[in-house]
Amino acid sequence: MGKTYADTAVKIISFFVAITSIPLLVIGFVSYETQKSDLSDRIEQTLISFSANLSVSVEGMIQERLSDLEQLATNPVIRNPQATEAELQAEFTRFVESQDMYHGIVFTNNEGMIAILQKTMR
């Protein structure tokens with residue numbers, strides 16, 4: 001009779017553990033998957049936001065550089081075919097010193113040869 005009681009107690013305890021553990025495992029798994037999905041969605045949204053901000057920054061930088069090129073292209077001294085090398089050098093020096101972005105300019109002639117090389121030391 002002692003053995004039957006012990007077997008019954010083990011069966012009841014095993015059944016109780018199984019009944020309580022299985023729902024806990026299911027709830028834990030569902031909770032894990034939900035949190036993983038939410039976290040992945042948040043990370044993806046953050047990356048999309050960062051990439052959009054980076055895109056806007058790069059676009060702004062490109063527009064600034066195009067504006068600088070436009071400024072150089074409309075400069076009357078640079079456009080003048082009779083301008084001396086000293087005049088061109090002075091214009092490029094003025095431009096480079098007025099812009100923190102640039103450390104120098106390479107100006108080529110129509111044949112692609114370097115006509116003026118302007119560097120600044122900062």
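The selection criterion, being more than 25 Å from the chain's Cα centre (by Cα) and surrounded by 10 or more Cβ atoms within 10 Å (Cβ to Cβ), does not hold for ALA86.
I want to confirm something. Restricting to region 36-72 and keeping residues that are of a type in the set (Gly, Ala, Ser) and farther than 30 Å from GLU87 by Cα, which single residue is least open to solvent (accessible area, probe 1.4 Å)? Even if it seems obvious, please write down each step before you answer.
Let us first name the residues in region 36-72 that are of a type in the set (Gly, Ala, Ser), namely 37, 40, 49, 51-52, 55, 57, 60, 67.
Pick out the ones that are also farther than 30 Å from GLU87 by Cα and you get 37, 40, 49, 51-52, 55, 57, 60.
Values: SER37: 56, SER40: 63, SER49: 57, SER51: 66, ALA52: 52, SER55: 71, SER57: 75, GLY60: 30 Å².
The residue in question is GLY60.
This table checks each residue for (1) of a type in the set (Gly, Ala, Ser); (2) farther than 30 Å from ASN109 by Cβ; (3) touching a residue at least 60 places away in the same chain (Cβ under 8 Å); (4) touching an Asp or Glu at 6+ places or on another chain (Cβ under 9 Å).
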| position | (1), (2), (3), (4) |
| --- | --- |
| THR20 | no, yes, no, no |
| VAL30 | no, yes, no, no |
| GLN35 | no, yes, no, no |
| SER40 | yes, yes, no, no |
| GLN45 | no, yes, no, no |
| ILE62 | no, no, no, no |
| THR84 | no, no, no, no |
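The values are calculated or read from the model by the stated rules, or taken from the named source; none is laboratory data. Everything quoted here is computed from the prediction, not taken from an experiment. Heads up, the Cβs are rebuilt from the backbone with ideal geometry, glycines too, and the neighbour counts pull from every protein chain shown. Protein only, heavy atoms only, side chains kept; ligands, DNA and RNA dropped before computing areas. Shrake-Rupley method; radii C 1.70, N 1.55, O 1.52, S 1.80 Å.
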